[in-house]
There are 2 protein chains.
Amino acid sequence: MCNALTDDELEFLTRAAQRVSLAPGTVFVEEGEKASYFYNINQGNVRLFKSLPDGRRQITGFAGPGYFLGLAAGENNAFSAEAMDHVKLCRFSRASLMAVFEELPVLERKLLDVAMHELVLAQQQMLLLGRKTAIERIASFLLAWAERLEICPAGRLPAPNAVMKLPLSRTDLADYLGLTIETVSRSLSQLKRDGIIDIPNIHEIILTRPRALSEIAEAAV
Amino acid sequence: MCNALTDDELEFLTRAAQRVSLAPGTVFVEEGEKASYFYNINQGNVRLFKSLPDGRRQITGFAGPGYFLGLAAGENNAFSAEAMDHVKLCRFSRASLMAVFEELPVLERKLLDVAMHELVLAQQQMLLLGRKTAIERIASFLLAWAERLEICPAGRLPAPNAVMKLPLSRTDLADYLGLTIETVSRSLSQLKRDGIIDIPNIHEIILTRPRALSEIAEAAV
DNA sequence: CGACCCATTGACGGTGGTCAAGGGCTGTGG
DNA sequence: CCACAGCCCTTGACCACCGTCAATGGGTCG
């Protein structure tokens with residue numbers, strides 16, 4: 001999820017790049033537009049999403065520092081991207097990326113790895129969106145987020161009572177999990193009532209009983 | 001979606017491969033197992049899916065001849081794969097693939113293209129699963145399937161009254177679209193009642209009014 | 001012809017969406 | 001320093017879409 005490239009490779013890569021700084025809320029990739037650029041995020045966070053004409057929105061992922069952006073695109077972008085806070089990133093054209101590949105073939109391998117990992121995450125999310133209940137989605141998300149923050153190694157559970165920052169609005173959460181903000185709120189409240197998590201404030205969650213969370217997330221029988 | 005490699009490249013590639021023949025229903029990739037192989041399908045069709053312990057299933061895609069299989073995997077497979085009919089495929093170890101890359105670097109670029117295209121499809125499916133209603137999912141699927149069968153060019157609508165083979169069971173359809181077979185059936189019936197499609201038999205659909213279908217699929221306002 | 005499987009249709013119920021009111025936090029201005 | 005506005009979150013009441021359960025229909029194969 002985070003930086004898949006070494007500092008050296010990044011340095012080489014960004015030599016061909018433009019540095020860009022974005023205010024919160026800036027939409028810098030528009031779904032359907034010609035896909036001209038790749039991006040590498042240096043600072044800040046970005047949400048990736050698709051929309052329907054009537055305003056329904058599905059967030060397909062979040063991207064933080066080190067994240068490589070622009071893989072889900074053919075001729076045109078398959079998604080939009082919006083800065084969640086103050087974002088700094090490197091932008092380079094698809095053409096210059098091809099040139100970089102000539103110089104640094106290992107990059108191509110790495111990008112393939114990144115793309116493959118994205119695919120793994122996408123399939124996980126499809127299972128979540130297609131087949132899990134509201135509370136299972138919330139539980140799955142909380143554990144996935146803990147892994148992302150490296151509160152625990154991939155595939156392991158966080159320690160009981162681990163504290164986790166959650167710098168997302170309920171709206172973002174809902175649009176990511178295919179729910180409404182009300183359902184997100186209710187599900188979090190239920191987990192709290194059941195003593196599985198605690199919510200000291202809106203942007204912090206304590207994973208009181210990660211094991212119980214995991215049993216809900218994986219629909220253990 | 002279909003063959004992204006030229007015949008020459010395929011021929012080179014398959015020199016390092018084992019040829020395998022599978023009976024219908026054979027599960028030849030198991031989610032969670034060590035990801036040892038890549039596959040290229042020569043004949044027949046395959047469904048890719050993820051499951052929950054209680055039996056809920058999400059089909060993440062279908063793969064036909066020419067399809068390259070095994071990208072959504074890190075250490076372990078992120079999905080299972082099952083032969084839908086009699087399948088012939090080439091199987092080669094990840095190690096030998098790396099060796100092939102040395103000989104034929106263009107393959108690596110092509111695989112990256114394939115992975116990127118898969119990502120585009122995955123994001124489309126996330127929007128469908130997270131935010132579309134039952135009938136919108138069915139409409140979207142029918143149009144996507146028409147593109148897949150090359151009844152129409154990508155991004156264009158099929159001609160009115162185009163006839164389409166649909167060699168999927170209602171169960172497969174339901175598990176792909178995150179619905180139940182009853183809801184799939186009811187939605188198809190409704191589209192038929194509304195004169196938008198016709199269903200001469202279970203495995204054939206006539207796209208009577210593709211424009212109307214598209215307006216439903218894209219939630220046109 | 002009958003058995004079996006799958007799809008369709010109907011009746012009913014539940015999960016989650018919609019609509020609306022209330023609460024808490026933050027920032028601003030008097 | 002307090003008051004108030006505005007925003008977001010929470011909670012409640014109600015409702016609708018879709019899932020569940022069950023009966024029926026149709027096609028295929030023995």
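Where residues in the stretch A:102-141 are basic (Lys, Arg) and modelled with pLDDT of 95 or more, which of them is farthest from B:Gly61 (Cα to Cα)? Restricting to residues being basic (Lys, Arg) and modelled with pLDDT of 95 or more, the top hit is A:Arg137. In the set (1) within 12 Å of DNA strand C (Cβ to nearest atom); (2) outside any loop (DSSP other than H, G, I, E, B); (3) not polar (S, T, N, Q), B:Trp145 fails one condition alone, (1).
Scan the stretch B:143-182 for residues that are surrounded by fewer than 15 Cβ atoms within 10 Å (Cβ to Cβ) and within 16 Å of DNA strand D (Cβ to nearest atom) and the total you get is 7. Could you say whether any residue in the stretch B:148-170 is assigned by TED's automatic domain parsing to the domain that holds B:Gly195, part of a helix (DSSP H, G or I) and within 13 Å of DNA strand C (Cβ to nearest atom)? Checked the stretch B:148-170: at least one residue is assigned by TED's automatic domain parsing to the domain that holds B:Gly195, part of a helix (DSSP H, G or I) and within 13 Å of DNA strand C (Cβ to nearest atom). Do you know which of the residues in the stretch A:24-70 that are in contact with a Phe, Trp or Tyr (Cβ under 7 Å, 6 or more places away or on another chain) and part of a loop (DSSP other than H, G, I, E, B) is surrounded by the most Cβ atoms within 10 Å (Cβ to Cβ)? The selected residue is A:Gly70.
Figure legend. Inter-residue proximity from the stretch A:45-57: first residues in contact (Cβ under 8 Å) with a residue 40 or more places away in the chain, second residues of a type in the set (Lys, Arg) and assigned to a strand (DSSP E or B), beta-carbon distance below 9 Å, spacing 6+ or different chains. Indicated pairs: A:Phe49/A:Arg57; A:Arg57/A:Lys50.
Considering only residues in the stretch B:112-130 that are surrounded by 22 or more Cβ atoms within 10 Å (Cβ to Cβ) and touching a residue at least 12 places away in the same chain (Cβ under 8 Å), the one that is nearest to DNA strand C (Cβ to nearest atom) turns out to be B:Leu129.
For B:Thr133, indicate whether it is over 20 Å from A:Gly74 (Cβ atoms), within 11 Å of DNA strand C (Cβ to nearest atom) and in contact with a helix residue (DSSP H, G or I) (Cβ under 7 Å, 6 or more places away or on another chain). It is false that B:Thr133 is over 20 Å from A:Gly74 (Cβ atoms), within 11 Å of DNA strand C (Cβ to nearest atom) and in contact with a helix residue (DSSP H, G or I) (Cβ under 7 Å, 6 or more places away or on another chain). Away from DNA strand D (no atom under 15 Å from the Cβ) and touching a Ser or Thr at 6+ places or on another chain (Cβ under 8 Å): does that describe B:Ile197? So B:Ile197 passes the test.
The values are calculated or read from the model by the stated rules, or taken from the named source; none is laboratory data. Note that the coordinates shown come from a computational prediction; the quantities given were computed from them, not determined experimentally. Using ideal geometry, Cβ is built from the backbone for each residue, glycine included, and neighbour counts are taken over all protein chains shown.
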